[in-house]
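The values are calculated or read from the model by the stated rules, or taken from the named source; none is laboratory data. It should be emphasised that the depicted structure is a prediction, and the values quoted were computed from it without experimental measurement. Here Cβ is always computed from backbone atoms with ideal geometry, including for glycine, and neighbour counts include all displayed protein chains. Note: areas computed on protein heavy atoms with side chains; ligands, DNA, RNA excluded. Shrake-Rupley method; radii C 1.70, N 1.55, O 1.52, S 1.80 Å.
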Amino acid sequence: MTTDHPLIQLTLARLREFIREPEALFWTFIFPIVISVTLAAAFPGESSRPVRVGLVDSAAAEAVRSALAGDDGITIVEIAPDEELGALREGDVHIVVVAGEAPGDPPTYRFDPARDESRLARLAVDAALKRAAGRADPWQAREEPLVVPGSRYIDWLIPGILGMNIMSTGMWGVGFSIAQARLRKLLKLLAASPMRKSQYLLAQMMARLMFLLPEAAVPLGFGALVLGMPIAGSLGSIAAVCLIGALAFTALGLLTASRASTIEAISGILNLAMLPMWVLSGVFFSTANFPEVAQPFIQALPLTALNDALRAVILEGAKLSDIKGELGILGVWAVVPFGVALQLFRWR
Amino acid sequence: MSTSAVRCERLTKRYGDLTAVDGLSLTVRRGECFGLLGPNGAGKTTTIEILEGLLTPDEGDVEVLGLRWGRDDDALRQRLGIQLQETRLAEKLSVEETLRLFRSFYRRGRTIDELLGIVELEAKRHSWVGKLSGGQRQRLAIACALAGAPDLLFLDEPTTGLDPQSRRQLWGVLERFRADGGTVVLTTHYMDEAEVLCDRVAVVDCGHVIAQGSPQELIAQFGTPKVVTHHGTLEDVFMALTGRHLRDD
Ligand SMILES: Nc1ncnc2c1ncn2[C@@H]1O[C@H](COP(=O)(O)OP(=O)(O)OP(=O)(O)O)[C@@H](O)[C@H]1O
Ligand SMILES: [Mg+2]
């Protein structure tokens, strides 16, 4: 096969168009890093996050302040009485402490028990104040803080960002370029030439798989080298999961683009297909947050399968044989949409 | 082997209630340049796309280079060069890359250097298609159509929107192609162009051929000059034959 083989020329054409599109490069390579770093800064590990306690200033507040000041895990925020609810609502403070009127009167805690942070804050504040008031603890447990590798939010997040990126690049990259070629009547001209139609579709997939390598290496490398994310699984397994995930989303990209001939149509269809997965498939928060009845649907989504598989391999060191279920789901998502796309595909 | 490059009989193509091509028959001889003329919506593009095998006629019979669509598609595609009325080539590929891509589809054909020379785009070899002028893009489209050294070239309004200089440059390209024995079928709205380029023309209106022959024959037959002092032109023929419709539109 020389470089003049149509498959190579078609793949090269697609690759060139991609790398000459600065926006595409940004969304594929820079955006995942920006979003990982931003989210990691916004949600640092649980232990390093201090409890923010709102203190309403009064004569008696001084005693509370000095009682809490000794605790490293507590940050005191001064608030005016009429700001209490607003500060709680906005998450500026996790709990509001109002000191008792006379010295020795018990304080009042105002917090939302439905919020985890607020319940934690209540426990921390309560213990600190009672200890300051003279509570004698019967014993002090010996604490052995352990950092379990891969247990931070950022460690959990990066595989999800990678999965999301594989979805977006596959669907946008393939879907958008095909719809645009159809809009420009370039598909029609290609169909009028002796080009084999299957080679065109194959080239779209090959070009997409070629930028899979840098696309996966950038967030994983950044996560491992800069953010200290452990990579427990083998690189071969990670590559295999990325590959089958990319195939599934490329097939979906082909399917969404099989008819669309306007930019509005393809954008609408792509967003409609991807939005549910952004929300439901455990990119930013766990799928366990959704009710039991929705789980069969959520688990059948390709991005859920890809994210679960990536996390299992990267964070837990799973072997491919441990994630057969996820790989099977992705395989079905690769084969069925591809077959349907071939049936529906329009060249004009 | 048939001596005609294109032979079609009683072609009909309907879009719902609208009959775009209505019992159209024509024959293009090998080695000639054949022009399809007619007002907007006459059915020229529809006809040419049927001949190119891009559309299937509802009725009628087509033979191209003695071969048939549906039976000899691969062989036919290797021997045709096609430029479509509305194609815009990929903007982010260079001229050379675009030609290399199209050349790769053909088993035999011209080299990239030859193609660049034919359409005089050597200086633009490394420019992106998006940076070319309208005339340069059109010449590139023709070069793509010539990539497989075709026997038969279909051009749908190749010179629309070009300045006189670019049009003449394109005429030169076509004359050289014909000098090498190629056959051309083109559509145009410029009657002077048809007079210069075409050996024979067909005037199409409402989906059928209303007149056919060499420009000179048509002028002799229909082109009574409106002003006595000048010679009849194809423009006069066109207006005489289709003027009713231009007014109706
Ligand atoms: N895909 C389509 N669906 C419905 N009607 C169509 C379609 N394509 C063409 N037509 C109609 O068929 C008729 C012939 O169109 P065609 O494009 O062949 O005209 P044309 O002679 O090439 O015109 P022009 O000089 O403007 O290019 C027109 O009335 C057009 O509206
Ligand atoms: Mg037309």
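Legend: residue pairs B:13/B:44; A:197/A:324; A:188/B:13; A:197/B:13, Cα-Cα distance threshold 21 Å; pairs beyond threshold, A:197/A:324; A:197/B:13.
In whole percent, what relative contact order does the range A:256-344 give with Cα contacts below 8 Å and a gap of six or more residues?
27 percent
Annotation: lysines with alpha-carbon distance below 22 angstrom to residue B:131 (same-chain offsets under eight excluded): A:185, B:92.
Among A:291-301, B:24-34, sorting by the average number of other beta carbon atoms lying within 10 angstrom of each residue, highest first, gives B:24-34, A:291-301. Across the range B:4-242, Cα-Cα pairs farther apart than 28 Å form 32% of the total.
Considering only B:85, A:175, B:240, whose Cα is most displaced toward the positive end of the charge dipole of the protein assembly as shown, charges sitting on Cβ of Lys, Arg (+1) and Asp, Glu (-1)? Working it through, the farthest residue towards the positive pole turns out to be B:240. The equivalent ellipsoid that matches the C-alpha gyration tensor of the range A:86-178 spans semi-axes of 46, 21, 7 angstrom, in descending order. Within the range A:51-132, the percentage of alpha carbon pairs spaced more than 19 angstrom apart rounds to 28%. For the range A:239-260, the residues whose backbone nitrogen is under 16 Å from a point 7 Å from the Cα of residue A:347, taken along Cα to Cβ, are A:258-259. Peptide A:178-186 shows a mean partner chain C-beta count of 3 within 10 Å per residue C-beta. Considering only the Cα atoms of chain A, their convex hull presents on average a projected area of 23.3 nm².
Using a Förster distance of 25 Å, how high is the FRET efficiency between residue A:38 and residue A:116, based on the Cβ-Cβ distance and rounded to 0.05?
With R0 = 25 Å, the Cβ-Cβ based efficiency is 0.70.
Over all directions, the projected convex hull of the C-alpha atoms in the protein assembly as shown averages 39.8 nm² in area. Residues considered: B:218, B:132, B:174. Largest GNM mean-square fluctuation over chain B, using C-alpha springs under 10 Å, is found at B:132.
What is the mean number of Cβ atoms from other protein chains located within 10 Å of the Cβ atom of each residue in peptide B:78-91, rounded to a whole number?
Neighbouring Cβ atoms belonging to other protein chains average 4 per residue here.
Placing a label point 7 Å from the Cα of residue A:31 along the Cα-to-Cβ direction, the residues of the range A:215-238 whose backbone N falls under 18 Å of that point are A:215-220.
Packing-based ranking of A:204-217, A:16-29, B:134-147 yields B:134-147, A:204-217, A:16-29, ordered from highest to lowest mean Cβ neighbour count within 10 Å.
Compared with the direct C-alpha span, the chain from residue B:125 to residue B:216 gains 28.7 nm at full extension, assuming 0.36 nm per residue. Inter-chain neighbour count for A:12-19: the average number of beta-carbon atoms from partner chains within 10 Å of each residue's beta-carbon is 4. Residue B:160 contributes an accessible area of around 60 Å² to the protein surface, as traced by a 1.4 Å probe with all chains present. Put a dot 7 Å past the Cα of residue A:240, heading toward its Cβ, do the same for residue A:210, and the two dots end up 2.6 nm apart. When shorter helices are ignored and each DSSP H run of at least 4 residues is given -39500 (n - 2.57), the per-residue value for the protein assembly as shown at 222 nm works out to -16000 deg cm²/dmol.
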